[in-house]
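Below is one structure, written out as structure tokens; comments come after it.
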Amino acid sequence: MIMALDVDISAASGAMPYTDEALGKVEVAAAIVGAPTDLQGDGDERVRTYIGRYRKIFATAGYDYEKSIMKIINDIQFDRYRVNKATIKLNALARELLRLHVRGDVNPRKYLNRDCADLLIEFRTLIRSNSQKYGSC
């Protein structure tokens, strides 16, 4: 268990696949690392803590958090995924990440890599322009 907590985030491979097995790994990692449920501090602190914790959770499971968020956002935009437990979870994580940035008035480029930040901003625009199809955030 201690090894899982000292995981090297840079060792995470690619995006999480949309499988029950991959989702199970992320859920086990979240139980070990601790999902960010009670975020404290100002908006900036909450965003930084949330992203840091999910990077660690995904790395513990063997996946890259930002690549996983980018994959689901791209697939939502172009209707390239089937709805299953994994895609529902990733969709919810992408929307929560967006909500934290908007509510905390934090520029996504501050804590996310440039490509992920730009895609998150694009996702916000997509949701706002077609809330009937994508729901609200």
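Quick notes
- With Cα atoms defining each centre, segment 35-49 and segment 83-109 are spaced 14 Å apart in the structure.
- Net charge in the neighbourhood of Pro17 (other residues with Cβ under 14 Å of its Cβ; Lys, Arg +1, Asp, Glu -1) is +3.
- Database remark: amide H of Ala15 closer than 5 angstrom to the amide H of Asp64 (H placed geometrically; neighbours at sequence offset of 5 or more, or on other chains; Pro and chain starts carry no H).
- Residues of segment 18-54 with amide N under 17 Å of the 7 Å Cα→Cβ point at Arg80: 18-19
- Placing a pseudo-label 7 Å from each Cα along the Cα-to-Cβ vector at Asp105 and Asp20 gives an inter-label distance of 4.6 nm.
- For segment 2-134, the orientation-averaged shadow of the C-alpha convex hull comes to 8.0 nm² (one quarter of the hull surface).
- Considering every alpha-carbon pair of segment 61-137, the percent of pairs per 10 Å bin, from zero through the bin containing the longest distance, is 18, 57, 23, 1.
Taken together, the values in this text are just the output of simple stated rules run on the coordinates, not laboratory data. Nothing here was measured: the structure is a model prediction, and the numbers come from that model. Positions of Cβ are backbone-derived with ideal geometry, glycine not excepted, and every protein chain shown enters the neighbour counts.
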